[in-house]
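For reference, the structure is listed below as structure tokens.
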Amino acid sequence: MRIGLIQVMQETCSFNPTPTTLGDFASFGIHRGADVLERSDTAGPIAGYLEGLRLSGLAVDTVPIVRGTAQSGGRLTREAFEHFDTVIREGLTAAGELDGVVMLLHGAASADGIDDVEGALLATARSVIGPDVPLALMLDHHANVTRAIVDHADLLMGFRTQPHDQLETARDLTLLAIRLAAREIAPTTSWRKLRMLTHQEQYLTVRGPMKVLFDRARAMEGDPRVLTVSPFPMQCWLDADEAGWAVVVVTDDDPQLADRLADELAELAWSMRDEFQVTESVSVDEAVRLADADTGTGTDKARPTLLSDTGDSVLGGSGGDSTVILEAILRLGIEGRALVPMIDPVSAVELAAAGVGATVTLAIGGRSTPLFRPLEVTGVVRAVGDGLADADDLPQGRINMGRCAAFDVGPVTLLVTEFAGAAGIHPASYRHLGVEPGDHRMIVMKTASNFQYMAPLTTTFIRVATPGPTQSDLAALPWERAPRPIFPLDPTPSWRG
Ligand SMILES: [Zn+2]
């Protein structure tokens, strides 16, 4: 059995005007041919694919085509899109006869002039392999599932958890893909699109309405006729022409059952639409004061408080250079020490060039979007580095921050980086520069959900109501392309479009 393997993943935030370039993919690593498997990720989809092959016990001949991922961000440049489109076309053409194709995509990528990147890449793949070679597709559960995606994939599975189970989903998809390539199953798909967007504060699948929904999907999979059930609470900052939630149910040749379950799951999601809109975030000044006041009890040393910068979530596609929380920390004169990541190539290069011990005054941050403002600060360069750190537990297996510096400004140590890297959500980002995150009273996190890497240090976190391309107030963003009416932007009578 010969299976073609393709991974291209990026999550687009339409409200971040800074484009995602081929260089951004290169900073994570673009691999082709045999390199895709030889330099496999350690906790990501490729590792999951390989585990699926092992569990199948079959001798599968993998034809690796390409693996490219980038941090979430603005739309892909045309060059970046065309690179992957061309590599997929050429790679599948050169592959010759295949029994199946496994594509590991995100599902919420847009490019310059293309709202639905995954639909376009799938169309390209399908145009080469023809209608009869089975194509199994993994998507992030923040995918925007479009008509083109459903039409081109024979089998479709989304992540089951937030934070995401990338390895496990790819493993389970691969096991189904092998059965599909062997013609042991006959998948039939029901897809329901919902006129609904929901912000990030209720994304976690371990609690609240998202848990109810995902638990129901897992229960549906208890029926042996059901192959896979995927709710898709779309990435809420994707302003695309088919934007909105979706649910997908795949059964083994039972279209009536797939239809019934897809309707039930869509109704369940819609019935909880108000619960998904509940916000928990607190004002910037209040959050900083609360974190600073948490000095522990008795002889217990205080553990850091994580401050989630909701409006500047790099993992949601923002630029990572908001100065809003930094400004508040400096203005409020806090007692404890704080860590703040700052993705700012201009400042990173300047600080690295100034060198350790230099006192530097510069306008930092606020470059990625007009929504953010630079802040003039004076500080001392504590450390500089090449920005490469191992992190086996990250899907990409490593962190590449480019040139970077630890920059002390009053009570704050800024992690100023050239590339997005892991956006400071992983302790290895700081330890690379000799900074121990556990020694700080507060750590600003450029994510709304991915706190798991800091969990060994602390489980205390506060969502901060900050403005930006990934803010929770969706109605205040400049929507142009999403279908209307759509909940909660408009009065919307039904989930059906
Ligand atoms: Zn996601």
For this session: Out of Y453, Y430, report the one residue that is in a loop (DSSP other than H, G, I, E, B) and at pLDDT 95 or above.
Result: Y453
Exercise. Restricting attention to the stretch 102-110, does a residue exist that is free of Cβ contacts under 8 Å to residues at least 40 places away in the same chain, closer than 17 Å to Q235 by Cα and buried (at least 20 other Cβ atoms within 10 Å of the Cβ)?
Worked result: no
Exercise. Looking only at the stretch 1-45, which residues are of a type in the set (S, T, Y) and either under 18 Å from the mean Cα position of the chain (by Cα) or within 16 Å of the ligand (Cβ to nearest atom) (or both)?
Worked result: T12, S14, T18, T20, T21, S27, T42
For this session: Inspect all residues belonging to the stretch 112-122 and state whether any of them is over 16 Å from the mean Cα position of the chain (by Cα) and within 16 Å of the ligand (Cβ to nearest atom).
Result: no
For this session: Can you run down the residue pairs with Cβ atoms below 8 Å, 6 or more apart or on separate chains, where the first is in the stretch 156-176 and within 20 Å of T62 (Cβ to Cβ) and the partner is within 14 Å of the ligand (Cβ to nearest atom) and polar (S, T, N, Q)?
Result: M157/T169; M157/S230
For this session: Pairs only if they're at least six apart or on different chains, beta carbon under 8 angstrom, first in the stretch 46-63 and closer than 27 Å to L394 by Cα, second at pLDDT below 95 and β-branched (V, I, T); list them, first residue then second.
Result: I46/V36
Problem set entry | Selection status of I364, in the same structural domain as P341 (by TED's automatic domain parsing), in contact (Cβ under 8 Å) with a residue 60 or more places away in the chain and surrounded by 23 or more Cβ atoms within 10 Å (Cβ to Cβ) | no
Exercise. Would you call V226 surrounded by fewer than 24 Cβ atoms within 10 Å (Cβ to Cβ), farther than 21 Å from L474 by Cα, within 16 Å of the ligand (Cβ to nearest atom) and not acidic (D, E)?
Worked result: no
For this session: Keeping to the stretch 161-178, report how many residues are away from the ligand (no atom under 14 Å from the Cβ) and either of a type in the set (S, T, Y) or not assigned by TED's automatic domain parsing to the domain that holds R218 (or both).
Result: 1
Exercise. For the stretch 6-22, does any single residue satisfy the condition of being under 20 Å from D392 (Cβ atoms), surrounded by 18 or more Cβ atoms within 10 Å (Cβ to Cβ) and in contact (Cβ under 8 Å) with a residue 60 or more places away in the chain?
Worked result: yes
For this session: Would you point out which residue out of S40, S14 is part of a loop (DSSP other than H, G, I, E, B) and touching a helix residue (DSSP H, G or I) at 6+ places or on another chain (Cβ under 7 Å)?
Result: S40
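The values are calculated or read from the model by the stated rules, or taken from the named source; none is laboratory data. None of these values were measured; they are calculated from a predicted model. Quick reminder, even Gly has a Cβ in these numbers, built from the backbone with ideal geometry, and neighbours come from all protein chains shown.
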